[in-house]
Amino acid sequence: MTSAEPRPAARSDAEVVAGLSRLDRFLPVWIVVAMAVGLVLGRTVDGLDDALDQAKIGSVSLPIAVGLLVMMYPVLAKVRYDETHRVTGDRRLLAASLVLNWVIGPALMFALAWLLLPDLPEFRTGLIIVGLARCIAMVLIWNDLACGDREAAAVLVAINSVFQVFAFSALGWFYLQTLPGWLGLETTSADFSFWAITVSVLVFLGIPLVAGFLTRTIGERAKGREWYEETFLPRLGPWALYGLLFTIVVLFALQGDAITSEPFDVVRIAVPLLVYFAVTFALGMVVGRWLGLGYAKTATLAFTASGNNFELAIAVAIGTFGVTSGQALAGVVGPLIEVPVLVGLVYVALWARRFFPSTDAARGVTRD
């Protein structure tokens, strides 16, 4: 199979779900189990959360880093890097992604935090930080499960990473100090580490991106694209979900006690998050359909707009306000809500393919 050959036509959502492996098909079940296991471990094993929290280099948690790297590497090894030019040349997709991620997303989270948590300043600040941390990791999993465009996802994640390094601190200052001051609201002082943000991007995207690119390049040169995509990738693919489940267990083990000790606080934080994920995903799908991007790119646009970089948000909240702060708890609740909600949105996206023209659906990316 050469790079010039067309992709196979996309299957219906029922055919896609039926063709998934048992691991993929029951992913919501495995995720719930992983969350429960993490919560139980964090609640019952004395000192486990402290031991996991101390296993870090700088601000990077080693257990979470291992899980994310294992999760992202197989997905990035699937990307056809010789086809990314068709994404970088699509100005409609790039412009829509930048607006949704860096204008609408943070503004929406700011509005929801103030509207729904006016009496809880620590949680409100934590949610605003979550809204500023655009997703560069788990979005690749959700996009792949929804048969989104892998090359588009790789490009958009890379762009978000660059913007994250340079825009996170400035937007944090704007949404925590400047805009509240203009509106006569309470302001919050925060000093974000430029180096911590840069390290997060380099570790969680740079390493698996380089590894994925080298794996495809060397593999195709050695044995050809047909062997690489039909023999090698099916063996490598399940490791992405293994890494996802491991990451979830570790994350919830780290904060199991905090989550289970304050269930009402978790509910208060969850409400604006639920609204945020639903609205940003819907906007991405509607905008993509309106722009005529086709299903695959539209799904990618929606998932990259709705996901968040929970590791960065938690690290910034802990580093700035402390591990026991309300801001840190809000960061932890982020993935507690995001993971099951975005898994559900995978099925929503597959169902929504029927609203895209058949010529657009034919460009969809089927799973290896």
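Of note:
- Positions within region 260-270 being surrounded by fewer than 22 Cβ atoms within 10 Å (Cβ to Cβ), under 23 Å from the mean Cα position of the chain (by Cα) and among the β-branched types (Val, Ile, Thr), in sequence order: 266, 267
- Residue check, residue 274 buried (at least 18 other Cβ atoms within 10 Å of the Cβ) and assigned to a helix (DSSP H, G or I): no
Yes/no per residue for (1) more than 15 Å from residue 64 (Cα to Cα); (2) aromatic (Phe, Trp, Tyr); (3) free of Cβ contacts under 8 Å to residues at least 60 places away in the same chain; (4) assigned to a helix (DSSP H, G or I):
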position: 201; (1), (2), (3), (4): no, no, no, yes
position: 208; (1), (2), (3), (4): no, no, no, yes
position: 211; (1), (2), (3), (4): yes, no, no, yes
position: 217; (1), (2), (3), (4): yes, no, no, yes
position: 226; (1), (2), (3), (4): yes, no, no, yes
position: 231; (1), (2), (3), (4): yes, no, yes, yes
position: 234; (1), (2), (3), (4): yes, no, no, yes
position: 242; (1), (2), (3), (4): no, yes, no, yes
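- Pairing residues of region 250-273 that are under 11 Å from residue 41 (Cβ atoms) and among the acidic types (Asp, Glu) with residues that are assigned to a helix (DSSP H, G or I) and modelled with pLDDT of 75 or more, at Cβ distances under 8 Å and at least 6 apart in sequence or on separate chains, gives 257/42; 257/43.
- Residue identified as hydroxyl-bearing (Ser, Thr, Tyr), in contact (Cβ under 8 Å) with a residue 12 or more places away in the chain and surrounded by 22 or more Cβ atoms within 10 Å (Cβ to Cβ) among 125, 88: 125
- When the criteria are applied in full, residue 278 meets the requirement of being under 24 Å from residue 106 (Cβ atoms) and among the hydrophobic types (A, V, I, L, M, F, W, C).
- Leading residue by the ranking (farthest from residue 138 (Cα to Cα)) among those in region 298-323 that are in contact (Cβ under 8 Å) with a residue 24 or more places away in the chain and outside any helix (DSSP H, G or I): 323
- For residue 187, the criteria (1) crowded, with 17+ Cβ neighbours inside 10 Å; (2) hydroxyl-bearing (Ser, Thr, Tyr); (3) assigned to a loop (DSSP other than H, G, I, E, B) hold in every case but one, which is (1).
- Residue in region 326-338 that is part of a helix (DSSP H, G or I), touching a residue at least 60 places away in the same chain (Cβ under 8 Å) and over 19 Å from the mean Cα position of the chain (by Cα) present: yes
- Helices (runs of 4 or more DSSP H) within region 65-182 that include 2 or more residues under 30 Å from residue 354 (Cα atoms) and of a type in the set (Val, Ile, Thr): 85-88, 139-145, 150-173
- Selection status of residue 124, at pLDDT 90 or above, of a type in the set (Lys, Arg) and in contact with a helix residue (DSSP H, G or I) (Cβ under 6 Å, 6 or more places away or on another chain): yes
Residues checked against (1) more than 26 Å from residue 303 (Cβ to Cβ); (2) small (Gly, Ala, Ser); (3) modelled with pLDDT of 85 or more:
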site: 175; (1), (2), (3): no, no, yes
site: 180; (1), (2), (3): yes, no, yes
site: 187; (1), (2), (3): yes, no, yes
site: 200; (1), (2), (3): no, yes, no
site: 219; (1), (2), (3): yes, yes, yes
site: 222; (1), (2), (3): yes, yes, yes
site: 249; (1), (2), (3): no, no, yes
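- The single condition among (1) of a type in the set (A, V, I, L, M); (2) surrounded by fewer than 21 Cβ atoms within 10 Å (Cβ to Cβ); (3) under 30 Å from residue 213 (Cα atoms); (4) touching a helix residue (DSSP H, G or I) at 6+ places or on another chain (Cβ under 6 Å) that residue 162 does not satisfy is (4).
- All positions within region 168-183 that are exposed (fewer than 14 other Cβ atoms within 10 Å of the Cβ) and among the hydroxyl-bearing types (Ser, Thr, Tyr): 178
- Qualifying residue in region 290-297 (condition: at pLDDT 90 or above, assigned to a helix (DSSP H, G or I) and surrounded by fewer than 24 Cβ atoms within 10 Å (Cβ to Cβ)): yes
- Test result for residue 207, hydrophobic (A, V, I, L, M, F, W, C) and closer than 30 Å to residue 270 by Cβ: no
- When the residues of region 46-69 are filtered to those that are out of contact with any helix residue (DSSP H, G or I) (no Cβ under 8 Å at 6 or more places or on another chain) and either modelled with pLDDT of 80 or more or among the charged types (D, E, K, R) (or both), the one that is surrounded by the most Cβ atoms within 10 Å (Cβ to Cβ) is 62.
The values are calculated or read from the model by the stated rules, or taken from the named source; none is laboratory data. Keep in mind that this is a model prediction, so the values were computed, not measured. When we count neighbours, we look across all protein chains shown, and the Cβ atoms used for this are built from the backbone with ideal geometry, even at glycine.
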